[in-house]
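Below: one structure, written as structure tokens.
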Amino acid sequence: MTAPLSIAPSSPAVVVPAPAKINLALHVVGRRPDGYHRLDMLVAFARTGDVVTAAPGAGLSLALEGPFAVGLATEPDNLVLRAARALADAAGLRDPGACLTLEKALPVASGIGGGSADAAATLVALDRLWGTGFGPAGLAALAERLGADVPMCVHGRTARVGGIGEIVEPAPDLPPHGLVLVNPGIPVATPAVFARLEQRENPPLPALPARFADVAALAAWLAGTRNDLEAAATGLVPAIGMATAALRAAPGCRFARMSGSGATVFGLFDDAAAAGAAAGALRVARPDWWVVADP
Ligand code: C5P
């Protein structure tokens, strides 16, 4: 494909949400010869997230906005631009043009897939803006090259994820629930957490039910699962343990656990009201933490 696509300057901008990815369960089940870890995970997506906007433009440009934009300002090659170039290359576009804006609402390096979600949203937005027609399956193949978490973010729905992140299978949607995300404000480098693992061959997830009847059923299933990165991450950043304990102690919290390689911790509640009350109290107790009740 070498279609010299021309985008009329009046083409509307494409706005794509980049929701936070929550690793409800993350089992490390082995290691590949190249050092990457084989995982078995249940992953869901919040409503809270970044937003990627792609508008017609000459050349590729990226503007950073939002509360956590400053954390990315010094990054030489944002994953959003790498995703844009990967799509342009794959589509054979000689002179790709787009004016990209990333509204960064999620803390950086925090275990909820911010950068991966941004890359996935960029692929989706530009596939639409440029009319390159890859669609979800084509974009998933591209996504794999951008990072282990990017394919599941292209999928964007509750999934059981295997391999190093490239095997994405649909999983039952979560029952109605309330969700609180807490980040104690310390970035965590994922490779450092994997490097600290003492045990890399662990049992896979138990069988998933056809559906979770309610939050109590989901919490009961999660109680039989693990995040195998939690001990290693907490060893590096003890505040993760404090955030988890604070969420677990919140009235109405059914389940709390670290997501990804940390430091963000999620808490499940029966509904949005319980989650909102818990988030309000946590914000008062720890004004230095990032605390969000998912809308
Ligand atoms: O693919 P991504 O850039 O998100 O991964 C960051 C790092 O995390 C990798 O370089 C690798 O050290 C580690 N990792 C891993 N096994 C995975 C995913 C990531 O060891 N399945």
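Expressed in nm to one decimal, what extension gain is obtained for the pair Ala217 and Ala245 from 0.36 nm per residue of sequence separation less their Cα-Cα distance?
7.9 nm
Dividing the alpha-carbon radius of gyration of the stretch 44-121 by 2.2 N^0.38 Å (N being the number of residues), what value is obtained? It would help to have the intermediate numbers written out before the result.
Details: Rg = 12.6 Å, N = 78, 2.2 N^0.38 = 11.5 Å.
Working it through for the stretch 44-121, the quotient is 1.10.
Given the Cα-Cα distance of Arg94 and Ile186 and 0.36 nm per residue of separation, how much length would full extension add, in nm?
29.1 nm
Using only alpha carbon pairs under 8 Å that are at least six residues apart, calculate the relative contact order of the stretch 155-295 and give it in whole percent.
Result for the stretch 155-295 is 34 percent.
What is the distance, in nm, between label points placed 7 Å from the Cα along the Cα-to-Cβ direction at Glu144 and at Ala285?
About 4.4 nm, to one decimal.
Hey, how many Å between the Cα centroid of the stretch 252-295 and the Cα centroid of the stretch 94-145?
Answer, in whole Å: 27.
Only Cα pairs within less than 10 Å get springs; with that Gaussian network setup on the chain, which residue of Ala84, Ala137, Ala13 has the largest fluctuation?
With Cα springs under 10 Å in the chain, the top fluctuation among Ala84, Ala137, Ala13 is at Ala137.
From the backbone phi of the stretch 46-58, what are the Karplus-calculated ³J(HN,Hα) couplings (6.51 cos²θ - 1.76 cosθ + 1.60, θ = phi - 60°) in whole Hz, Gly and Pro given as x?
Coupling constants for the stretch 46-58: 7, 8, 4, x, 7, 9, 10, 10, 10, 10, x, x, 8 Hz.
Compute the acute angle (0 to 90°) between the alpha-carbon long axis of helix 239-248 and the principal axis of greatest extent of the alpha-carbon atoms of the chain; round to the nearest 10°.
70 degrees
Run the simple label-point estimate for Asp271 and Arg128 please: 7 Å along Cα→C-beta, distance reported in nm.
3.2 nm
Could you identify which residue out of Pro251, Pro96, Pro19 has the top mean-square fluctuation in a GNM of the chain using Cα springs shorter than 10 Å?
Pro251
Could you tell me which of rounded, prolate or oblate describes the chain, using a ≥ b ≥ c as the square roots of the eigenvalues of the alpha-carbon gyration tensor, with rounded for a/c under 1.5 and, failing that, prolate when a/b is larger than b/c and oblate otherwise? It would help to have the intermediate numbers written out before the result.
On the way: a/c = 1.79, a/b = 1.53, b/c = 1.17.
Prolate, because a/c is 1.5 or more and a/b exceeds b/c.
Would you mind checking the tilt of helix 79-91 against the longest principal axis of the Cα atoms of the chain, expressed as 0 to 90 degrees and rounded to 10?
The angle comes out near 50 degrees.
What residues qualify as long-range amide H neighbours of Gly178, i.e. H under 5 Å apart, gap of 5 or more or another chain, H built at 1.01 Å from N?
Phe269, Asp270, Asp271
In whole percent, what relative contact order does the chain give with Cα contacts below 8 Å and a gap of six or more residues?
Numbers: 689 pairs, mean separation 64.7, N = 295.
Worked out over the chain, it gives 22 percent.
Using amide H atoms built in the peptide plane, which far-off residues or other-chain residues are under 5 Å from Phe45 H to H?
Sorted by chain and number, the residues that satisfy this are Ile22, Thr158.
Which of Ala231, Ala18, Ala54 moves most in a GNM of the chain, Cα contacts under 10 Å?
Greatest mean-square fluctuation among the candidates belongs to Ala231.
Got a sec? Which residues in the stretch 134-160 would a label at Leu208 touch, if it sits 7 Å along Cα→Cβ and we count backbone N under 12 Å?
Answer for the stretch 134-160: 156-160.
How long is the gain from Arg200 to Glu75 if the chain were fully straight, where each residue apart is worth 0.36 nm and the alpha carbon distance is subtracted?
Additional length available on full extension: 41.9 nm.
Taking the mean number of other Cβ atoms within 10 Å as a proxy for protection, how do you rank 162-168, 56-62 from highest to lowest?
The most tightly packed comes first, giving 162-168, 56-62.
Residue by residue through the stretch 275-282, which ³J(HN,Hα) values in whole Hz follow from phi under the Karplus form 6.51 cos²θ - 1.76 cosθ + 1.60 (θ = phi - 60°), with glycine and proline marked x?
Each residue of the stretch 275-282 in turn: 5, x, 5, 5, 5, x, 5, 5 Hz.
The numbers here are math on the coordinates, done by the rules we state, and not lab data. Note that the coordinates shown come from a computational prediction; the quantities given were computed from them, not determined experimentally. A quick note on method: Cβ atoms are made from the backbone with ideal geometry, for glycine too, and the neighbour counts reach across all protein chains shown.
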